[in-house]
């Protein structure tokens, strides 16, 4: 494998994590990761070595999610209650009742945010991108990214405080 | 200094303020408990998000990794596998304090080579500070004795000993998924200090399951104070909650 391929392999767990932010149902997230990998392999000539592979790949993923979202709308597909339940179920990988409950509360709080705020929050707080990088992934000016982030962050803090999730 | 708005506090907690501005804000917070509480809440939201979404290994990623490896250059060749394995060993060598990202990546590449590292029930899920987050492994480290062999998920423990700081440490392995490691106990959690792929022979058939990877044994040698616990000492330490 060359550097690009190795980088892409190493990114897979993070791609899946961001995919679940964009598409909470497990099967949808898996589709999104697969399509993103295929798109990345097909368009690797568009990646400039020396730039961040994570930002580049997240950008591909966001575009695919938007395209897929439009298709789904055309077909009138809605999230079924089963899928919603699966997406909200506690992650069995998290040990400890309290931790599991806190983790679930935080994931719920994130899912409750409007899409644009949720994406901004996930890229900066979970994936660790800078504001400038997150703005680039989402294709918005940095001022827009910042205001989405502020509003999302305020809602999260209020929700977590109301649920008694404290640091 | 005028009252800082939420955006300023957010930029501070995300490391997006200039060092001067951050220092001014921190100085102001020392004299203003309300401001300090707002800053704490802002930091907490960042920490809570990061903890709620740990890096997890998904068995389906191994298939995607094979797909990526196969793109353009054909399937990975045996010598390529060997060199990647060597790289994993190097990254996981106990002498090297590897950053978490490299640690996770190396463990993950091991998954590519040797089959899925983990499944969601019995697998390897670590938080960014390397503490064990997976209920399966946590339970095995907390409760299982070496004499009991592998559980239904294929997880087992091997050596149990106290390290130079008096912490209890145990080696563990997943025969099914092909990895083994060393974890030490403190404050109710297990921290993984070494992790390596189980040895494989040339024809990729796994050798006897009892073999602890060399990198893990080296980590044991480095950490151990005295000798390993016998079955009675192991059971006694377990019953005492590894304190």
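Is there a simple number for the mean count of other chain Cβ atoms within 10 Å of the Cβ of residues in A:152-160, and what is it? Intermediate results must be reported in sequence, preceding the final value.
Working: counts 2, 11, 5, 1, 7, 8, 2, 1, 5.
That average works out to 5.
Relative to the present Cα-Cα distance, how much length would full extension add between residue B:235 and residue B:6 at 0.36 nm per residue of separation?
Full extension of this stretch gives 77.2 nm more.
Exposure proxy check: A:147, A:142, B:18 ranked by fewest other beta carbons within 10 Å? Each step should come with its number before you reach the end.
On the way: A:147 16, A:142 13, B:18 9.
Ascending number of Cβ neighbours within 10 Å: B:18, A:142, A:147.
So if each residue of separation counts as 0.36 nm, and I subtract the Cα-Cα distance between residue B:186 and residue B:227, what length gain in nm does that give?
On the way: separation 41, 0.36 × 41 = 14.76 nm, distance 1.96 nm.
Separation in residues times 0.36 nm, less the Cα-Cα distance, equals 12.8 nm.
Mind ranking A:42-53, A:118-129, B:159-170 by how tightly packed they are, going by the mean number of other C-beta atoms within 10 angstrom, highest first? Could you put the intermediate results ahead of the total?
Numbers: A:42-53: 11.5, A:118-129: 23.2, B:159-170: 18.8.
Output ranking for A:42-53, A:118-129, B:159-170: A:118-129, B:159-170, A:42-53.
Which of A:3, B:26 comes first, and how do the rest follow, when ranked by fewest Cβ neighbours within 10 Å? Could the numbers behind the result be given before it?
Working: A:3 9, B:26 14.
Going from sparsest to densest Cβ surroundings: A:3, B:26.
Computed on alpha carbon atoms, what radius of gyration and Dmax characterise segment A:96-167, expressed in Å?
Final numbers for Rg and Dmax: 12.9, 41 Å.
Arrange the following residues from fewest to most other Cβ atoms within 10 Å of their Cβ: A:157, A:66, B:224. Write out the running numbers ahead of the final one.
Working: A:157 19, A:66 12, B:224 15.
Neighbour counts put them in this order, fewest first: A:66, B:224, A:157.
Provide the FRET efficiency to the nearest 0.05 for the residue B:152-residue B:70 pair, computing r from the beta carbons and using R0 = 30 Å. Don't skip to the answer; put the middle values down first.
Working: r = 33 Å, r/R0 = 1.09.
Once rounded, the FRET efficiency stands at 0.35.
Residues of A:130-136, mean number of Cβ from any other protein chain within 10 Å of their own Cβ, rounded to a whole number? Let's see the in-between values first.
Numbers: counts 3, 5, 1, 0, 0, 0, 0.
Across A:130-136, the average partner-chain Cβ count within 10 Å equals 1.
According to a simple spin-label model (label point 7 Å from Cα along Cα-to-Cβ), what is the distance in nm between residue B:36 and residue B:145?
5.1 nm
Readers should treat all values here as calculations from the given coordinates under stated rules, not as data from a laboratory. This one's a predicted model, so the numbers in the text were calculated from it and none came from an experiment. Note that each Cβ is placed from the backbone with ideal geometry, even for glycine, and that neighbours are counted across all protein chains shown.
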